[in-house]
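The values are calculated or read from the model by the stated rules, or taken from the named source; none is laboratory data. Everything numeric in this text was worked out from a predicted model, so none of it was measured. Note that each Cβ is placed from the backbone with ideal geometry, even for glycine, and that neighbours are counted across all protein chains shown. Heavy atoms of the whole protein, side chains included, go into the accessibility calculation; ligands, DNA and RNA do not. Shrake-Rupley method; radii C 1.70, N 1.55, O 1.52, S 1.80 Å.
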Amino acid sequence: MLSDLRYSIRSFLKTPALTSVILLTLALGIGANTAIFSVIDAVLLRPAPVKDIERLTMVWETDRNTGTTREPSSFPDYLDFARRSRNFEGMAALLADEVNLTPATGDPVRLPMLRMSASALPMLGLQPIAGRTFSADEDRPGGPAVVLISESMWERSFGRDPAVIGQTLRLDDRPYAILGVMPDGADFGVLQILSAAAYSRSFADRGVKADVEVWAPLQESEQSLPRSTHPIFVLGRLAPGATTSTAQSEMTAIAADLERAYPVNAARGVYVEPLSGVVFGPVKPALYLLLAAVALVLLVACVNVANLLLARATAHVHEAAVRCALGATHGRLARQVLAETVLLTLAASVAGVGLAYAGVHGLVAVAPPDVPRLSLVSINMPVLATTLGVAVLVGLVFGLVPSFQARRLDLQSSLADGSSRGSAGPGRTRLRSALVIAELAFAVVLASGAGLLIRSFWSLQRVNPGFQTAGVLKAEYQLPSTRYPADFRVWPNFKEQHAFNAALLQRAAALPGVESAAIAGNHPLDPGFTNSFVIVGRETEARTWPEISIRRVSPGYFRTLGLQLVGGRFFRDGDSTSAAPVALINAAAVSRFFLDRDPLGAQIRFWGTSRTIVGIVADEKFQGLTKASPIAVYTPLAQTPSGTGALLVRTADDPATLSTAVTGAIHDVDRGLAVFGVEPVRVTLSRSIGQQRFTMLLLGLFAAVALGLAAVGIHGVLSYGVTERRRELGIRMALGARASDIVGLVMREGLGLAAAGLALGLAGAFVMTRFLASLLFGVTPTDPATLAGVVATLAIVALAAIAAPARRAATVDPLVTLRSE
């Protein structure tokens, strides 16, 4: 074996160009597979940090009126579920929040917080790395202000000081004692749970990676969170012997009992879903698609290398014949070939791992934030072991092709010929042609998938969000209740909040370059929350109506975002706290509730107040571009104050240049506020389709690599064929064949290979692209235009690859060829 390896190294050093091409081809395939597998290993294959994840479930509420199946629960419903269920050995309640941290020095910062019942951490099997968790007494309403902090925060803010236990954090102007430190990753699945919900998604709606920094006890009651509000996420652990199906049956019966007992629970049911499905379900299709794509890239690379090695073996056929004549067996020749291929793949694997290290950083950088456990992605020992196994397998697979060809060596003719000329018999030629057809077919399948995702993404970008993003900047904040009390005995006259809003709008409008400014309870890509409602005089109908989205905005909102007025009027400055309550509804609400009547002047009632509908506005897609515009009602911010806010400003210049000035304007009004989410609205909109962009970019990249390799393959086979057939071509030209005849001969052969590969690939694409259906928007998996475009593109690339060998064949000099005979 050592002799074989030494011989292989000398042999490859004699052909550095060919060796470099083989190494680069394999390194690309192996590196891409290693990078993608490292993501799948971290996201899907490593054990979850929670205990027995297969027994953990989400207990969602459903609403038959809206057709939604993933709604949070009310706190009283959660208590009833926990008390009455026998299929769960435990349940826990979660509530996502964000808080302002006021540090000893520097500006306030915004932190994601997870409030939870005392049963949550023990049920999940999570333990702090320092300190202790919450007690049941600390979870009661009015309990002590205590928190757990994340390991990252412990390191960042306290230098991992063990004395952190007992220190205080000032959150929303209130001191909290630190009980313990939770390890990084303890918020497993939180972002995915929030993202899956119909509403109450909290920091998941910011569209950026947000790890929980602070844990706090829930400390809620049926009075603070009545049955009519639904912010609670319910986790359950199945009892021994229970299944998701039995739990679903039991919870359906409990929900039916609650529906009969409480009118506010009308049309509400329960959906029990495995937690693993919520966390991993949305990303599995895309990750497995990418894994299949890189596997195809590796196949194309292997086919290409096999073709190159066949060509190399043909060039060395006389040498092999001499070795056989001197006593070498076919097995000995095959072992030499396998040694060469294994050596090549191991060297390519080293280079591939280097490419994978760079690729992993790129993958993590462009991956959407809802991909779980991205922080764990790395090239670790299991990944390296897998890469080594793949490399050896690849070496054996594409090494078998020239090995089998070596067994078919015609010793007598090869020695008699004295060279490799003409030694590539029809069987060897057919095999190389078949390999070219295969790699073209693989490239068609990949390119078809990429083309469909590109068409889908293009369709998504063309969706009108209902508002104008150009020139608009947003900045978000939350008013702490300590300085901005919300006393509902004087609703809606919250003087401190109104004073803040008035001062902020005045300062923002006065900034240089600002054309208009507005404040909204939720920015235009934040779904906000929904609420039940009635149209006065139509209360009986309202029993089957879905909840409506509540949008609280200042009068300048519609001008700032370019929202179109369909009928009636916009809000005015006169729609103040003391004025008659008014509202606007969107076109979707008109279509749903006012098809045969005029909505203007009608009364819509929610939160105990009837409001006159004075206008109709165009729809906004604030739940995402892929979803239909939801029904919505707009209320003046002065008449429905909000503790959360988004300042929106419009400018004719680049809105990003106003970031510092807008943040300064908010701090001028209240220095103690944490300002977050400061960015142009177009950036927020672009981030909302990040998962589609991620899949499209990677699949497009893999398709481009496969296409390039296929083009190189067909070019190489034809070029080598021309070299082998120089004698034949010279004779043809000596007998009167014109240059155009020779070009036509080579072109027909090349186009025949391309046509076969394209046809086979198109058939495969019709089958494989159906698995893309869940990832597509506005295009079918068998879209004729996309598939035709892919075939046309590959045909052009193949034609370009064929043209060079054809032109070279026409330059064969018949006199030189015949003289050499």
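Could you tell me which trypsin sites (Lys or Arg not before Pro) in the stretch 11-117 are loop residues by DSSP with no more than 14 other beta carbons within 10 angstrom of their beta carbon?
Hits after loop and neighbour filter: LYS51, ARG64, ARG86.
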Theoretical gain in end-to-end length, SER375 to ALA704 [0.36 nm per residue, Cα-Cα removed]: 115.6 nm
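Can you give the relative contact order of the chain as a percent, counting alpha carbon pairs under 8 Å and 6+ residues apart?
17 percent
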For the residue pair LEU393 and LYS209, what label-to-label distance in nm results when each label sits 7 Å from Cα along the Cα-to-beta-carbon direction? 2.9 nm
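Report Rg(Cα)/(2.2 N^0.38 Å) for the stretch 173-273, keeping two decimals.
Details: Rg = 16.9 Å, N = 101, 2.2 N^0.38 = 12.7 Å.
In units of the globular-protein estimate, the stretch 173-273 measures up at 1.33.
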Restricting the count to DSSP beta bridges whose residues both fall in the stretch 520-638, what percent are antiparallel, rounded to a multiple of 5? 60 percent
Straight-line reach from LYS621: which aspartates and glutamates fall under 17 Å, measuring Cα to Cα and dropping same-chain residues less than 8 apart? ASP205, ASP526, GLU547
Sparsely packed trypsin sites (Lys or Arg not before Pro) within the stretch 582-622, loop by DSSP, other Cβ within 10 Å at most 11: ARG597
Given charges of +1 on the Cβ of Lys and Arg and -1 on the Cβ of Asp and Glu, with all other atoms neutral, how large is the dipole of the chain about its Cα centre, in debye to the nearest 20? 2600 debye
Using only Cα atoms and rounding to the nearest 10 degrees, what angle (0 to 90) does helix 659-669 make with the longest principal axis of the chain? 20 degrees
Calculated from DSSP H runs of 4 or more alone, at -39500 (n - 2.57) each and per residue, what is the 222 nm mean residue ellipticity of the chain, nearest 500? -16000 deg cm²/dmol
Taking a cut-off of 19 Å between Cα atoms, list the lysines near LYS209, but don't count ones fewer than 8 places away on the same chain. LYS284, LYS474
How much solvent-accessible surface does GLU151 expose, in Å² to the nearest 10, with a 1.4 Å probe and all protein chains in place? 40 Å²
Mind ranking 337-348, 559-570, 447-458 by how tightly packed they are, going by the mean number of other C-beta atoms within 10 angstrom, highest first? 447-458, 337-348, 559-570
Restricting to Cα atoms and excluding each atom paired with itself, what does the Kirkwood estimate give for the stretch 737-796 in Å? 13.5 Å
Where only alpha carbons of the chain are counted, the Rg and the Dmax (Å): 33.9, 109
